[in-house]
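Have a look at the structure below before the remarks.
The values are calculated or read from the model by the stated rules, or taken from the named source; none is laboratory data. The shown structure was predicted, so the numbers you read here are calculated from the model rather than taken from an experiment. Note: ideal-geometry Cβ built from the backbone for every residue, glycine included; neighbour counts use all protein chains shown. Heads up: the accessible areas ignore ligands, DNA and RNA and are worked out on the full protein's heavy atoms, side chains in. Shrake-Rupley method; radii C 1.70, N 1.55, O 1.52, S 1.80 Å.
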Amino acid sequence: MRNIQLFQSSILHPLLFAFFPILFVFSYNTSFLSFDELFFPSLLFLVLAATSWLILKTAFKNTHKSSVALSISIILFFSYGHIQNSLLDYGLELHGNKILLPIFLLILMLSVIALIRTTSNFKNFTKIINVVVLTMIFLSLLNLVNLDNYTTNIDLEPDTTNLYPVHDTPPNVFHIILDSYSGYDSLKKFYDFDNSEFLNELEEREFSVIADSKSNYGHTFMSLPSLLNMKYLDYGKNEDFDNHRISYDMISDNIVMKNFKAMGYDIIGVSSGWGVTRDFEIADRTYCATFSRIDDSQILISILDNSAIKPFYAKLLVDDRRTKVLCQFDSVPKYIENNKNPVFVFAHILIPHQPYLFGPNGETLNTESLEFGDIYQNRNYDYIKQLQFANKKTLELVDNILTNSKTPPIIVIQSDHGSDQPENASLEDQMNEAMHNLNVYYLPYGGESILYDGFSQVNSFRLIFNYYFNGEYEILEDKHYWINDNPFTNDGYPEFIDVTNKLKL
Ligand SMILES: [Zn+2]
């Protein structure tokens, strides 16, 4: 009896249609997203749908009709970008949004007029539509089954291996990741951009620049766990390795931070607003974590990027995203003075990675999407503008740290991988562009002597712990691994291909 009432409930389908896109995006990105990321978007959309339903109910004076009107609006709203993309696949560009958007509005208006005029009470229709949307939800839920059952025995280096600072005053340590910052030769070859001015400026400040540096992996989700745990991702053939969870856990629960914590350091996180580097449980303080919840939600950004407000949602949120990046640069040097304990500051800064938000001097750009994963058909030179801005802010940040430090600090600035390639790039170019990266160090007390040609990130903190903290880590052979595609989009074990001898520019 209760089931029958449920199927007849007219508010059910608009609420479920509002919830469906969240579940849909989530179920296809379970490896990137954690369950708690479902909460805010769901609450937001359900409240919006329920409020709209109450308003329409008053206007239509008929609950079934108002629900149908709302469901039609919701479907049109969320399907806009998907339909636009499908038309693009058939070569129908339709002048951006100038034709498609009015067509959608017209469909909505005609539907509402038809609803007002019709004499049907929509009772049966409500039942059918409820069954349809419940089936859609059920199918999406099927994708989520087996989500949480991975087991693995990743062989992590033992942390806290009797480390202690060898100098009287332990140095503050700053670890800055500039996401997708490409290497010198790669910028020259692929963008015809000469980045020597920035590198010279760093060298003038006694930084060591690793020439021809290559990341050990070509994707964030492999590079970060590797460098933060000072190891290669030799997961072993693992049946259960079907999502990002292992990488996810290796980033949030990493050896480098645990080692510093064990030595009495305060761990300072600078929130990236993205995935696992948004906040670290181990952190004593986290900065820049209080920005727009909408912009912070990858689910919402992905949904909006395909919705009827696709043409302008980025304009609404771009300021927030810009402020966040600026906050990150400002927050890194905060703890150089007057902190009781030494600090390890970790900042995963999301530029020069797309979306492109900054011109060379911080000017606004024409940012149309806030998605991180867009693939461009052609090279987007806004990347260089944003990289120049990253250069400017990085030098300011470095000067701030160096001028105000009482004890010489350790500063590591590196990128997790190089730049993105346009759609049609050859495999050789893809590998070289994705893996040639930035890798620079400020190492006081003669620490630069530990660096060598071909030095790669898997060894960054092995050397730092050994030289400054009496560590006894083995220095690993510097190797570079490529995977043909993002392995986490497919089920199964990622096949890492050793391309150490193939990377040449
Ligand atoms: Zn990255």
Can you tell me which residue is least open to solvent (accessible area, probe 1.4 Å) among those in the stretch 301-319 that are out of contact with any Phe, Trp or Tyr (no Cβ under 8 Å at 6 or more places or on another chain) and under 20 Å from S27 (Cα atoms)? I301
Kindly check whether there is at least one residue in the stretch 177-186 that is in a loop (DSSP other than H, G, I, E, B), open to solvent by 10 Å² or more (accessible area, probe 1.4 Å), away from the ligand (no atom under 16 Å from the Cβ) and of a type outside the set (S, T, Y). no
Only one of (1) within 21 Å of I401 (Cβ to Cβ); (2) open to solvent by 30 Å² or more (accessible area, probe 1.4 Å); (3) assigned to a loop (DSSP other than H, G, I, E, B) does not apply to E281, and that is (1)
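Tell me, please, whether a residue that is more than 23 Å from the chain's Cα centre (by Cα), more than 24 Å from L395 (Cβ to Cβ) and away from the ligand (no atom under 16 Å from the Cβ) can be found in the stretch 429-441.
Of all residues in the stretch 429-441, those more than 23 Å from the chain's Cα centre (by Cα) come to 429, 441.
Narrowing the set further to residues that are more than 24 Å from L395 (Cβ to Cβ) leaves 429.
Then keep just the ones that are away from the ligand (no atom under 16 Å from the Cβ); that gives 429.
Looking for residues that are more than 23 Å from the chain's Cα centre (by Cα), more than 24 Å from L395 (Cβ to Cβ) and away from the ligand (no atom under 16 Å from the Cβ), one finds at least one in the stretch 429-441, hence yes.
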Taking the stretch 47-78 on its own, how many of its residues are open to solvent by 30 Å² or more (accessible area, probe 1.4 Å), in a helix (DSSP H, G or I) and without any contact (Cβ under 8 Å) to a residue 60 or more places away in the chain? 17
Working carefully through the options N153, N146, find the one that is at pLDDT below 55, open to solvent by 80 Å² or more (accessible area, probe 1.4 Å), more than 16 Å from the ligand (Cβ to nearest atom) and under 30 Å from H417 (Cα atoms). N153
Residues satisfying the stated conditions in the stretch 80-109, i.e. among the hydroxyl-bearing types (S, T, Y) and farther than 21 Å from Q377 by Cα: Y80
Pairs needed: first member in the stretch 209-230, more than 17 Å from I475 (Cβ to Cβ) and open to solvent by 10 Å² or more (accessible area, probe 1.4 Å); second member anywhere, away from the ligand (no atom under 15 Å from the Cβ) and assigned to a loop (DSSP other than H, G, I, E, B); C-beta distance under 7 Å; at least 6 residues apart or different chains. A211/D453
Does any residue of the stretch 342-357 turn out to be free of Cβ contacts under 8 Å to residues at least 24 places away in the same chain and closer than 30 Å to S73 by Cβ? no
Which one of these does I413 not meet: (1) of a type in the set (V, I, T); (2) more than 16 Å from the ligand (Cβ to nearest atom); (3) under 22 Å from the mean Cα position of the chain (by Cα)? (2)
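Table: residues versus (1) surrounded by fewer than 23 Cβ atoms within 10 Å (Cβ to Cβ); (2) away from the ligand (no atom under 16 Å from the Cβ).
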residue: P342; (1), (2): yes, yes
residue: V345; (1), (2): no, yes
residue: L357; (1), (2): no, no
residue: S369; (1), (2): yes, yes
residue: V398; (1), (2): no, yes
Within the stretch 112-126, take every residue that is surrounded by fewer than 17 Cβ atoms within 10 Å (Cβ to Cβ) and assigned to a helix (DSSP H, G or I) and give me the one that is farthest from the chain's Cα centre (by Cα). R117
Return yes when Q414 is crowded, with 18+ Cβ neighbours inside 10 Å and modelled with pLDDT of 95 or more and no when it is not. yes
Select from the stretch 371-396 the residues that are β-branched (V, I, T) and either free of Cβ contacts under 8 Å to residues at least 24 places away in the same chain or open to solvent by 10 Å² or more (accessible area, probe 1.4 Å) (or both) and write down the one among them that is nearest to S226 (Cα to Cα). I375
Being outside any loop (DSSP other than H, G, I, E, B) and exposed (fewer than 13 other Cβ atoms within 10 Å of the Cβ) is the requirement here; does L44 meet it? no
Given (1) touching a helix residue (DSSP H, G or I) at 6+ places or on another chain (Cβ under 7 Å); (2) closer than 16 Å to N306 by Cα; (3) part of a helix (DSSP H, G or I), N97 misses just (3)
Index of the failed condition, R117 passing every other in (1) in contact with a helix residue (DSSP H, G or I) (Cβ under 9 Å, 6 or more places away or on another chain); (2) over 20 Å from W53 (Cβ atoms): (1)
Failed item in (1) in contact with an Asp or Glu (Cβ under 8 Å, 6 or more places away or on another chain); (2) assigned to a helix (DSSP H, G or I); (3) more than 16 Å from the ligand (Cβ to nearest atom), with Y383 passing the rest: (3)
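Residue-by-condition table, conditions (1) at pLDDT below 85; (2) within 20 Å of L144 (Cβ to Cβ); (3) β-branched (V, I, T):
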position	(1), (2), (3)
M1	yes, no, no
Y28	yes, yes, no
F35	yes, yes, no
S42	no, yes, no
N62	yes, no, no
I74	no, no, yes
F77	no, no, no
I83	no, no, yes
Y90	yes, no, no
Tell me which residues, restricted to the stretch 220-256, are at pLDDT below 80, more than 16 Å from the ligand (Cβ to nearest atom) and assigned to a helix (DSSP H, G or I). R245, I246
For the stretch 425-439, which positions are outside any helix (DSSP H, G or I) and surrounded by fewer than 22 Cβ atoms within 10 Å (Cβ to Cβ)? A425, S426
Within the stretch 398-424, work out how many residues are outside any loop (DSSP other than H, G, I, E, B) and touching a Ser or Thr at 6+ places or on another chain (Cβ under 9 Å). 3
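Only one of T290, T286, T323 is at pLDDT 85 or above, under 19 Å from the mean Cα position of the chain (by Cα) and not in a helix (DSSP H, G or I). Can you tell me which?
T286
For the stretch 263-314, which positions are of a type in the set (S, T, N, Q) and touching a residue at least 12 places away in the same chain (Cβ under 8 Å)? Reasoning before the result, please.
We begin by selecting, within the stretch 263-314, every residue of a type in the set (S, T, N, Q); these are 271-272, 277, 286, 290, 292, 297-298, 302, 306-307.
Once the filter is applied, which keeps residues that are of a type in the set (S, T, N, Q) and touching a residue at least 12 places away in the same chain (Cβ under 8 Å), the stretch 263-314 yields S271, S272, T277, T286, S292, S297, Q298, S302, N306, S307.
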